[in-house]
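Below you'll find the structure, written out as structure tokens, and then a few comments.
Here, each number is a calculation from the coordinates, and none is a lab measurement. Note that the structure is a prediction, hence the values are computed from the model and not measured. So basically every Cβ, Gly included, is an ideal-geometry build from the backbone, and we count neighbours across all protein chains shown.
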Amino acid sequence: MVFRRAFAVPEGARVLVVEDVVTTGGSVGEVVDLVREAGGEVVGVVSLIDRGGSKKFDVPFWPLLKLEVESWDADSCGLCADGVPVYSPGSRRLS
């Protein structure tokens, strides 16, 4: 993950990271690291939806809506047992 389009974080800037949906917070954690590397201070994370579970970032988190979304290991997933293909487009695959 990198900042693009000449985006920069000024030294000492207080930054609020905003995300639409947070599951594990992996992408948010990467942004938190980028802000810190640039010399900024992340004061927290806000999201529209928190899908539950532990997060991969260490700053205060304020979601507007919390959902406990069930997930299964492949061994106990009925769809996996039935051979239903996994579809996970995710934003990282967008160009």
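Against the main long axis of the alpha-carbon atoms of the chain, helix 26-37 sits at an angle near 20°.
Contact order normalised by length for the stretch 1-69, with contacts defined as Cα pairs under 8 Å and 6 or more residues apart; what percent is it? Once normalised by length, the contact order is 34 percent.
Summed over qualifying helices (DSSP H, 4 residues or more, each -39500 (n - 2.57)) and divided by its residue number, the chain shows a 222 nm mean residue ellipticity of -4500 deg cm²/dmol. Evaluated with a Cβ-only charge set (Lys, Arg +1; Asp, Glu -1), the chain carries a dipole of roughly 400 debye about its Cα centre, given to the nearest 20. Once divided by 2.2 N^0.38 Å, the Cα radius of gyration of the chain becomes 1.31. Ranked by the mean number of other Cβ atoms within 10 Å of their residues, highest first, the peptides 9-16, 46-53, 74-81 fall in the order 46-53, 9-16, 74-81.
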